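Everything on this sheet refers to the single structure shown next.
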Amino acid sequence: MQLSSPAGVIQIVNEPTYSLSSADNVRCYPLELQLAGGAQSSSIHGVVLNDELVAVISNGGGASGVHQHSAVFKDGLLYLAVGDSVVCLSLEPVRMVWSLKADSATCFGIHFDEKHSAFISHGELEIARFSAAGEILWSESGADIFSERLALHPQFVEAMDFNGKIYRFRYEDGLPASP
């Protein structure tokens, strides 16, 4: 996945074989973050800025892959889905600002709606809106896992569960929305 930012081109890459604090890694990141607290990692994502290795983040929970909704760059910060969490990184200087467990299982991706200034986490079990400061503003679940699509509409967030049931959540409070 690739994003453009005022700092340059940001790439998010899967690093499934990366081992934190190991000299045997093919690539070496200057910042290594372990969010799982010593537990087994299911997801390891690297951040590259202008072809320079910046940070690698390891986390537990369900495995998250790298795709077009793995990260959002907004107001000088990178918001990245890794495992069951969202991580907020500053790239200048490189540091973790905060991390937030966004789903009970896996955070599939992050979306941003400009009109509502809304960060939305597409989780396996919950759809959540979180703030730029790393606080959950609302979180809603469904009858089954949200393994299908998520779309941002002008008045609501729309998610589909495994059985094809459609859910619509208002940006303001996560309550059910009318189509």
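The values are calculated or read from the model by the stated rules, or taken from the named source; none is laboratory data. Everything numeric in this text was worked out from a predicted model, so none of it was measured. When we count neighbours, we look across all protein chains shown, and the Cβ atoms used for this are built from the backbone with ideal geometry, even at glycine. We work out accessible area using only protein heavy atoms, side chains counted, and drop any ligands, DNA or RNA first. Shrake-Rupley method; radii C 1.70, N 1.55, O 1.52, S 1.80 Å.
Points worth noting:
- Any chance Ser90 is within 13 Å of the chain's Cα centre (by Cα), closer than 20 Å to Val13 by Cα, of a type in the set (Ser, Thr, Tyr) and open to solvent by less than 40 Å² (accessible area, probe 1.4 Å): no
- Check on Phe162, open to solvent by 60 Å² or more (accessible area, probe 1.4 Å), aromatic (Phe, Trp, Tyr), within 19 Å of Gly65 (Cα to Cα) and not in a loop (DSSP other than H, G, I, E, B): no
- Close Cβ contacts (under 8 Å, 6 or more residues apart or on different chains) running from residues in region 3-19 that are closer than 12 Å to Ala55 by Cα and of a type in the set (Gly, Ala, Ser) to residues that are outside any strand (DSSP E or B) and open to solvent by 30 Å² or more (accessible area, probe 1.4 Å) are absent.
- The residues of region 101-147 that are assigned to a loop (DSSP other than H, G, I, E, B) and of a type in the set (Ser, Thr, Tyr), listed by number, are Ser104, Thr106, Ser117, Ser131, Ser147.
- Screening the candidates Ser99, Ser85 for the property of being open to solvent by less than 50 Å² (accessible area, probe 1.4 Å), among the polar types (S, T, N, Q) and under 30 Å from Asn50 (Cα atoms) yields one hit, Ser85.
- Within region 127-147, considering residues that are among the charged types (D, E, K, R) and surrounded by fewer than 16 Cβ atoms within 10 Å (Cβ to Cβ), the one nearest to Tyr167 (Cα to Cα): Asp144
- Residue in region 115-126 that is more than 17 Å from the chain's Cα centre (by Cα) and open to solvent by less than 60 Å² (accessible area, probe 1.4 Å) present: yes
- Screening the candidates Ala36, Ala55, Ala23 for the property of being closer than 26 Å to Ser147 by Cβ and either of a type outside the set (D, E, K, R) or modelled with pLDDT of 95 or more (or both) yields one hit, Ala36.
- Scope region 150-159; condition surrounded by fewer than 16 Cβ atoms within 10 Å (Cβ to Cβ) and aliphatic (A, V, I, L, M); matching residues: Ala151
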